[in-house]
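For reference, the structure is listed below as structure tokens.
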Amino acid sequence: MHILILHNEVIDTNAPDDRDVLIQVEAVRSALAALGHPAEVLPCTLDLAQLRHRLETRRPDLVFNLVEALGGTGRLIHFAPSLLDAMGLPYTGSCTEAIQLTSHKILAKDRLRALGLPTPDWTGPFPPDLPAVSPAAAAASGTSTQWIVKSLWEHASIGLDEKAVVLCERDDRMAEGLQDRAPDLGGACFAERFVKGREFNLSLLAGPRGPVVLRPAEILFEGYPPEALRIVGYRAKWDSDSYEYHHTPRRFDFPPEDAALLDRLQALALRCWQGFGLNGYARVDFRVDTEENPWVLEVNANPCLSPDAGFAAALEASGVSYPEAIERVLADTRRTRSPSAPAGPEIAAAISLPPSSGSKIQPSLRFAVSADDPAAARRLAEATGYFSAVEAEVAEELVNEGLSKGLESGYHFVFAELDGKLAGYACYGPVPLTASSYDLYWIVVSPEFQGKGLGRILLREAERLARQAGGSRLYADTSGRAQYGSTRAFYERVGFRREALLEDFYAPGDSKVIYSKLL
């Protein structure tokens, strides 16, 4: 496959955050070479006619889009993918509309509010002729509010320092004061209510089963005096000689009491992916206040891919190699932007689906394992009356494997929730040493929801995801005892074929029945 890496042109006088794109280019090029895809590199400028000619001359099969700005400004970041769309060239990452929406921070916050997602109140922007916040989302007038002033378009913590956080007695006065800060913030800025507390970054990576949230990262402010501002400013990211650079490490290991908070952050990150129509890879930044309420600060549709940046650190912490991540980004591009791909991105994360034929319920489905799932899976298995105590322990162990090892475990899950509690789940995975065979390890439905179509919904999703991952056949087995007659009847109703009967497999008089189904 002929891949071209497209990035914004860098000159010697550019700041460190601008030059960082060259580090990303080399990292991606090395990963592509390791995957057997030698790539050429093409820098681009505001001369889009010349860029179009170069692209037409090179005729790449796919463009790896690393353009972060054009003409020295981030507000033109969407020009490159717009041109690629016009030319019909598939490219990695999110689409033009998602990139433009997430780059304009007030429009992004307006979308977050529309999606029902928590984001701090804001005021502005300056200049006032830019698209502004709707009146319903505007910060109410009050007294002594602490604000953080941010660039409207620029990322990389441009302009964030100790002067960025200010105290203002009246909210409308804060809007009036934005003009003074605008020249240092790319010419356009706004003010956001400052959230005191902890800071988290959650990275997401596309996969055959939908987006996966990598291990959450928290930024620590080591050695900061009590009165110091705890923000990840420009110096913390780019000035290697600064105190902030060396005292804001990230951590991926958390105490048990943080489990519920981390689950909430992961669910919110997945909703951001869905709500903004993201693809490939992304990062969502949060602040968590002193009462443990999470607030979405930004949705980054094209986070930095440098080996020393947060996204690469999250990959390593999650057991995903850098080349593997790049391959997933390529695969997501082939799925979503090939000529035969569906019109929009397919989201497989914390979504509600219409019931399948014959279903009487509409559950919410999710695919990431939470800390509560192992024990909940065991309780479900015990409640059915079909599984022994040992088998229920095995069910818990498999979910624990998925929780602790993630994708490396080989166990993948579809969880169905109704009224906020686990109603059923399916566990499936590739059969080792086979090219395209998958096993359906477990499908368990709470007794109160049996006979209502939930088993069909779980099976349908497992089959769909296995097929997307390249699976060609799904295998399932069960006991031949009379107690399991309804299970065997279920498999046969949904299209499985009985392949074999192994006499006395589990115990004398307890045979094993093996089924298969073409995907």
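The values are calculated or read from the model by the stated rules, or taken from the named source; none is laboratory data. Being a predicted model, the structure only gives us computed values, none of them experimental. Note: ideal-geometry Cβ built from the backbone for every residue, glycine included; neighbour counts use all protein chains shown.
Among the residues of the stretch 495-513, the one identified as buried (at least 16 other Cβ atoms within 10 Å of the Cβ) and assigned to a loop (DSSP other than H, G, I, E, B) is 496.
Of all the residues in the stretch 179-219, those that are among the charged types (D, E, K, R) and part of a helix (DSSP H, G or I) number 3. Look at the stretch 75-103: where a residue is polar (S, T, N, Q) and a partner is assigned to a loop (DSSP other than H, G, I, E, B) and surrounded by fewer than 20 Cβ atoms within 10 Å (Cβ to Cβ), sitting 6+ places away or on another chain with Cβ atoms under 9 Å, you get 94/277. Selection of first residues in the stretch 16-37 that are more than 14 Å from residue 323 (Cβ to Cβ) and of second residues that are buried (at least 17 other Cβ atoms within 10 Å of the Cβ) and of a type in the set (Phe, Trp, Tyr), restricted to Cβ pairs under 7 Å at least 6 apart or on distinct chains, gives the following pairs, ordered by first then second residue: 16/238; 17/238. Only one of the listed residues (353, 365, 330, 407) is at pLDDT below 90 and closer than 30 Å to residue 26 by Cβ. That residue is 407.
Considering the stretch 446-487, the residues that are part of a strand (DSSP E or B) and hydrophobic (A, V, I, L, M, F, W, C) include one that is farthest from residue 386 (Cα to Cα), namely 474.
Keeping to the stretch 377-424, report how many residues are in a helix (DSSP H, G or I), of a type in the set (A, V, I, L, M, F, W, C) and closer than 17 Å to residue 210 by Cβ. Number satisfying all stated conditions: 1. Among the residues of the stretch 433-449, those identified as at pLDDT below 90 and farther than 21 Å from residue 375 by Cβ are 433, 434, 435, 436.
Of everything in the stretch 466-494 that's hydrophobic (A, V, I, L, M, F, W, C) and over 15 Å from residue 431 (Cβ atoms), which residue is surrounded by the fewest Cβ atoms within 10 Å (Cβ to Cβ)? My answer is 482.
Residues of the stretch 409-442 that are out of contact with any helix residue (DSSP H, G or I) (no Cβ under 9 Å at 6 or more places or on another chain) and of a type outside the set (Ser, Thr, Tyr): 417, 419, 420, 431, 432, 433, 435, 439.
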